[in-house]
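Report on the following structure.
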Amino acid sequence: DMPKLATPQHPKSSVETQTQTIKKTVQPPTKLTKVYVGSYREFDQAAIVQESLVKSSLVSSPFIKNLNGYYVIQVGSFSNQEAAQNVAELLISNGYSAKMVLE
């Protein structure tokens, strides 16, 4: 005869407790405040502003994004709206057209 393998027995209440714990820790996705600079019909126009932002060192990694047929430069994505506001104000005070969008 082959030896029988023991099957671990988990009390049902333990599994239910683990499931409840998981449900409690899962949170809905956080909306982020994104900061965009400009709105351009042509990619080349956006690229010129992106290069200007890189040279200015005001933001670290601006990238071009197509939104509904227009090119914008995204300069940040923040879970803290105050931080996004600070970046937008810094850009505006340096002559850039910046706006915040909650997504």
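The values are calculated or read from the model by the stated rules, or taken from the named source; none is laboratory data. Here the structure is a predicted model, which means the values were calculated and not measured. Ideal geometry is used to build each Cβ from the backbone, glycine not excepted, and the neighbour counts take in all protein chains shown. Keep in mind that these areas ignore ligands, DNA and RNA; they rest on the heavy atoms of the full protein, side chains included. Shrake-Rupley method; radii C 1.70, N 1.55, O 1.52, S 1.80 Å.
Here are the numbers for the structure shown:
So that you can scan it fast, the table gives a plain yes or no per residue for (1) at positive phi; (2) at pLDDT 95 or above:
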position: PRO29; (1), (2): no, no
position: VAL37; (1), (2): no, yes
position: TYR40; (1), (2): no, yes
position: ASP44; (1), (2): no, yes
position: ILE48; (1), (2): no, yes
position: VAL59; (1), (2): no, no
position: ASN68; (1), (2): yes, no
position: GLN74; (1), (2): no, yes
position: VAL87; (1), (2): no, yes
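Conditions (1) open to solvent by 90 Å² or more (accessible area, probe 1.4 Å); (2) touching a Phe, Trp or Tyr at 6+ places or on another chain (Cβ under 6 Å); (3) assigned to a helix (DSSP H, G or I); (4) not β-branched (Val, Ile, Thr), marked per residue:
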residue	(1), (2), (3), (4)
VAL59	no, no, no, no
ILE64	no, yes, no, no
TYR71	no, yes, no, yes
GLN74	no, yes, no, yes
GLU82	yes, no, yes, yes
GLU89	yes, no, yes, yes
TYR96	no, no, no, yes
LYS99	yes, yes, no, yes
